[in-house]
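Trainee: My questions will all concern the structure given below.
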Amino acid sequence: MTTEKDKMLAGERYWINDPELTEIRFQTRELVDQFNNTKPRDAGHKNALQQRIFASVGDNVHIEKPMRIDYGCNTHIGSNVFINFNFVLLDCCPVTIGSNVFIAPNVQIYTASHPMDIEQRNAHIGFAAPVTIGDNVWIGGGCIILPGVTIGAGSVIGAGSVVTRDIPENVSAFGNPCKVR
């Protein structure tokens, strides 16, 4: 039988309040709370918590506090990554953050979505689509990356952008909606 978690990861409609999914979110949020309460100079403890929160974390990954993470176990982070203050990650589907990525303050990455149908939304039905950020990407402050988006390697996303569609490699893009300029 297919579980709600299997449905979620496959991008199918799933029940958000499923007990297994709820427990994963609680466990992740407890780890994130520990991370957010870690002393700034205690890099060893922060790194150990990052390894527990995310599916995989490369070398030399620095994440500023605070952050808010939904699942964590669906996210892979490459090496030489810097994520600045107030990072929000709703990773109901896989999220891949490449190597040599810079993420400015107040960036939000969403894989989660909800039905337009009121009854389904009120029944706590959700669906999700993966997000991929290529190597050598810089995401400016206050950006929102929506479900299903891929940002190509080497690209720069201007501050305040809302990324609604894929962005090719090695371009500068900005705006709402975000477009190559």
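Trainee: When you scan region 104-118, do you find a residue that is of a type in the set (Phe, Trp, Tyr) and touching a residue at least 24 places away in the same chain (Cβ under 8 Å), even just one?
Mentor: Taking every residue of region 104-118 in turn, at least one turns out to be of a type in the set (Phe, Trp, Tyr) and touching a residue at least 24 places away in the same chain (Cβ under 8 Å).
Trainee: Can you tell me which condition residue 115 does not meet? The list is (1) assigned to a strand (DSSP E or B); (2) open to solvent by less than 40 Å² (accessible area, probe 1.4 Å), and all the others hold.
Mentor: Looking at each condition in turn, residue 115 falls short on (1).
Trainee: Please enumerate the residues belonging to region 61-87 that are open to solvent by 10 Å² or more (accessible area, probe 1.4 Å) and in a loop (DSSP other than H, G, I, E, B).
Mentor: Across region 61-87, the qualifying residues are 64, 65, 66, 70, 73, 74, 78, 79, 80, 84, 85, 86.
Trainee: Next question. Which condition breaks for residue 72 when tested against (1) in contact (Cβ under 8 Å) with a residue 12 or more places away in the chain; (2) at negative phi?
Mentor: Checking residue 72 against (1) in contact (Cβ under 8 Å) with a residue 12 or more places away in the chain; (2) at negative phi, the one that fails is (2).
Trainee: Those residues that are touching a residue at least 40 places away in the same chain (Cβ under 8 Å) and among the small types (Gly, Ala, Ser), I need them from region 8-26; list them, please.
Mentor: Listed by number, the list holds a single entry, 11.
Trainee: Another question about this same structure. Restricting to region 9-25, count the residues that are within 17 Å of the chain's Cα centre (by Cα) and farther than 15 Å from residue 74 by Cα. Break it down stepwise before answering.
Mentor: Here is the first cut: in region 9-25, the residues within 17 Å of the chain's Cα centre (by Cα) are 9-11, 21, 24-25.
From what is left, the residues that are farther than 15 Å from residue 74 by Cα are none.
Count: 0.
Trainee: Something else: Could you check, for region 92-109, whether at least one of its residues is surrounded by fewer than 17 Cβ atoms within 10 Å (Cβ to Cβ), in contact with a Ser or Thr (Cβ under 8 Å, 6 or more places away or on another chain), within 25 Å of residue 156 (Cβ to Cβ) and hydroxyl-bearing (Ser, Thr, Tyr)?
Mentor: The answer is no, given that none of the residues of region 92-109 is surrounded by fewer than 17 Cβ atoms within 10 Å (Cβ to Cβ), in contact with a Ser or Thr (Cβ under 8 Å, 6 or more places away or on another chain), within 25 Å of residue 156 (Cβ to Cβ) and hydroxyl-bearing (Ser, Thr, Tyr).
Trainee: Of all residues in region 151-181, which are touching a residue at least 24 places away in the same chain (Cβ under 8 Å), open to solvent by 60 Å² or more (accessible area, probe 1.4 Å) and not in a strand (DSSP E or B)?
Mentor: Of everything in region 151-181, those that are touching a residue at least 24 places away in the same chain (Cβ under 8 Å), open to solvent by 60 Å² or more (accessible area, probe 1.4 Å) and not in a strand (DSSP E or B) turn out to be 159, 169.
The values are calculated or read from the model by the stated rules, or taken from the named source; none is laboratory data. This structure is a prediction, so every number in the text was calculated from the model and none was measured. Because the Cβ atoms are built from the backbone with ideal geometry, glycine has one as well, and the counts that use them run over all protein chains shown. With ligands, DNA and RNA removed, areas are computed over all heavy atoms of the protein, side chains included. Shrake-Rupley method; radii C 1.70, N 1.55, O 1.52, S 1.80 Å.
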